Amino acid sequence: MWNTRVTELLGIKYPIVQGGLAYLAYSELAAAVSEAGGLGQITAMSLSSPEELREEIKKVRAKTNKPFGVNYAIGQHGRPFEHMLDIAIEENVPVISMTGGNPTPIFEKLKGTSIKTLVLVAARRQAEKAEELGADAVMVVGQEGGGHLGRSDTGTIVLIPQVVDAVSIPVIASGGIGDGRGLMAALALGAEGIEMGTRFIATEECVHAHPSYKQKIVSSTEEDTTVIKRSIGAPARVLKNAWTDKILEIEASEPTYEALKTYISGEANQSYIYKGKEEEGFGWAGQVVGRINEVLPVSELMTRIIDEAEEIRKRW
């Protein structure tokens with residue numbers, strides 16, 4: 001019933017992919033999503049060493065025999081990723097996804113392997129380039145999404161059909177999606193699956209996220225997010241707080257990476273999402289916070305999404 005080119009490509013039951021989620025997407029969450037029928041992912045570049053990544057991969061495999069992915073955020077100011085990529089290849093992970101930066105070196109290293117590749121894009125041209133490089137599918141994020149976005153303000157409902165019409169590989173919709181309505185909307189737009197990031201933070205298995213971060217996601221409205229780093233060409237959506245107000249002040253007066261780096265650092269992000277210190281950092285989140293009302297076990301979340309989508313399908 002939920003068979004699409006995405007489920008066939010990835011070997012999953014439902015066309016639902018968990019986002020890479022820097023500092024949060026580890027074995028507990030990835031295994032839970034995969035076991036519930038989606039594609040769970042580990043965030044490779046948030047780990048401190050290749051051996052840590054190998055350990056996370058083994059932990060996922062100990063908890064589920066379903067397919068999963070490893071995500072590489074390759075746009076982090078030139079941080080080397082090849083040594084981390086070698087581990088995923090050695091472990092023959094089923095899927096590798098890429099966000100930010102130029103994915104060409106990853107495609108070069110994956111030649112001759114059976115690993116499936118997903119590329120996160122935020123524009124039609126980026127999707128076309130990913131297809132040229134050999135991506136098996138593209139994940140397309142609209143301006144509503146949390147974390148890093150495209151430089152234009154194009155929303156998901158406009159962007160998805162543009163990309164669907166421009167490429168022949170499967171399209172996975174992302175940005176503003178957190179329930180069965182979002183899944184059915186994405187399919188109606190021509191996508192063959194969805195990616196969710198923010199919604200998976202507000203789950204029991206996202207064990208590294210501080211309870212206050214999850215609660216802020218649950219209690220916030222769509223008006224409670226803002227976009228930072230636009231001035232340095234790397235726009236990203238976060239929950240509003242005094243810390244992000246300061247970031248925007250600096251962007252207005254001194255829009256340089258050097259002026260911003262302390263405030264937009266991984267340490268500032270971790271201070272909030274790990275320790276709950278809202279006054280000392282920031283947390284990524286998309287506008288879908290306005291549709292998230294409770295923290296759920298992953299299995300229940302997935303069941304609710306599919307049940308709601310099936311009800312919509314019946315009405316149609």
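Check Arg199, Arg237, Arg230 and return the single one that is more than 30 Å from Ser27 (Cβ to Cβ) and charged (D, E, K, R).
Checking each option against the conditions leaves just Arg230.
Yes/no matrix, rows are residues, columns are (1) surrounded by fewer than 24 Cβ atoms within 10 Å (Cβ to Cβ); (2) closer than 18 Å to Ile87 by Cβ:
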{"site": "Trp2", "(1), (2)": "yes, no"}
{"site": "Val6", "(1), (2)": "no, no"}
{"site": "Leu10", "(1), (2)": "no, no"}
{"site": "Pro15", "(1), (2)": "no, no"}
{"site": "Gly19", "(1), (2)": "no, no"}
{"site": "Tyr23", "(1), (2)": "yes, no"}
{"site": "Glu28", "(1), (2)": "yes, no"}
{"site": "Ser34", "(1), (2)": "no, no"}
{"site": "Gln41", "(1), (2)": "no, yes"}
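I'm told Ile177 meets every condition in (1) β-branched (Val, Ile, Thr); (2) in contact with a strand residue (DSSP E or B) (Cβ under 7 Å, 6 or more places away or on another chain); (3) more than 25 Å from Tyr26 (Cα to Cα); (4) assigned to a loop (DSSP other than H, G, I, E, B) except one. Can you identify the failing condition by its number?
Among (1) β-branched (Val, Ile, Thr); (2) in contact with a strand residue (DSSP E or B) (Cβ under 7 Å, 6 or more places away or on another chain); (3) more than 25 Å from Tyr26 (Cα to Cα); (4) assigned to a loop (DSSP other than H, G, I, E, B), the lone unmet condition for Ile177 is (3).
Given the residues Arg237, Arg230, which is the only one that is basic (Lys, Arg), over 18 Å from the mean Cα position of the chain (by Cα), within 21 Å of Leu120 (Cβ to Cβ) and not assigned by TED's automatic domain parsing to the domain that holds Ser152?
Arg230
Out of all the residues in region 107-124, which are more than 14 Å from Ile169 (Cα to Cα) and of a type outside the set (S, T, N, Q)?
Answer for region 107-124, where residues must be more than 14 Å from Ile169 (Cα to Cα) and of a type outside the set (S, T, N, Q): Phe107, Glu108, Lys109, Leu110, Lys111, Gly112, Ile115, Ala122, Ala123.
Only residues in region 88-115 that are in contact (Cβ under 8 Å) with a residue 40 or more places away in the chain count as the first member; pair them with residues that are among the β-branched types (Val, Ile, Thr) and part of a loop (DSSP other than H, G, I, E, B), Cβ under 8 angstrom, at least 6 apart or cross-chain, and list the lot.
Short answer, once both residue conditions are applied: Ala88/Ile115; Pro94/Ile115; Val95/Ile115; Thr99/Ile74; Gly100/Ile74.
Evaluate the following for Ile228: is it over 26 Å from Leu39 (Cβ atoms), in contact with a helix residue (DSSP H, G or I) (Cβ under 7 Å, 6 or more places away or on another chain), modelled with pLDDT of 95 or more and among the β-branched types (Val, Ile, Thr)?
It is true that Ile228 is over 26 Å from Leu39 (Cβ atoms), in contact with a helix residue (DSSP H, G or I) (Cβ under 7 Å, 6 or more places away or on another chain), modelled with pLDDT of 95 or more and among the β-branched types (Val, Ile, Thr).
Given Thr256, Thr203, Thr221, which one is surrounded by fewer than 19 Cβ atoms within 10 Å (Cβ to Cβ), touching a helix residue (DSSP H, G or I) at 6+ places or on another chain (Cβ under 6 Å) and not acidic (Asp, Glu)?
Thr221
Out of all the residues in region 32-67, which are of a type in the set (A, V, I, L, M, F, W, C) and either within 15 Å of Gly266 (Cβ to Cβ) or without any contact (Cβ under 8 Å) to a residue 40 or more places away in the chain (or both)?
Correct list: Ile42, Ala44, Met45, Leu47, Leu53, Ile57, Val60, Ala62.
Looking at region 284-296, can you tell me whether even one residue there is outside the structural domain of Glu35 (by TED's automatic domain parsing), surrounded by 13 or more Cβ atoms within 10 Å (Cβ to Cβ), at pLDDT below 95 and not β-branched (Val, Ile, Thr)?
So far as region 284-296 goes, no, none of its residues is outside the structural domain of Glu35 (by TED's automatic domain parsing), surrounded by 13 or more Cβ atoms within 10 Å (Cβ to Cβ), at pLDDT below 95 and not β-branched (Val, Ile, Thr).
Could you say which residue among Val295, Val288 is in contact with a Pro (Cβ under 9 Å, 6 or more places away or on another chain) and over 24 Å from Ser231 (Cβ atoms)?
Just one listed residue meets the conditions, Val295.
The values are calculated or read from the model by the stated rules, or taken from the named source; none is laboratory data. Because the structure is predicted, anything quoted here is derived from the model rather than measured. So basically every Cβ, Gly included, is an ideal-geometry build from the backbone, and we count neighbours across all protein chains shown.
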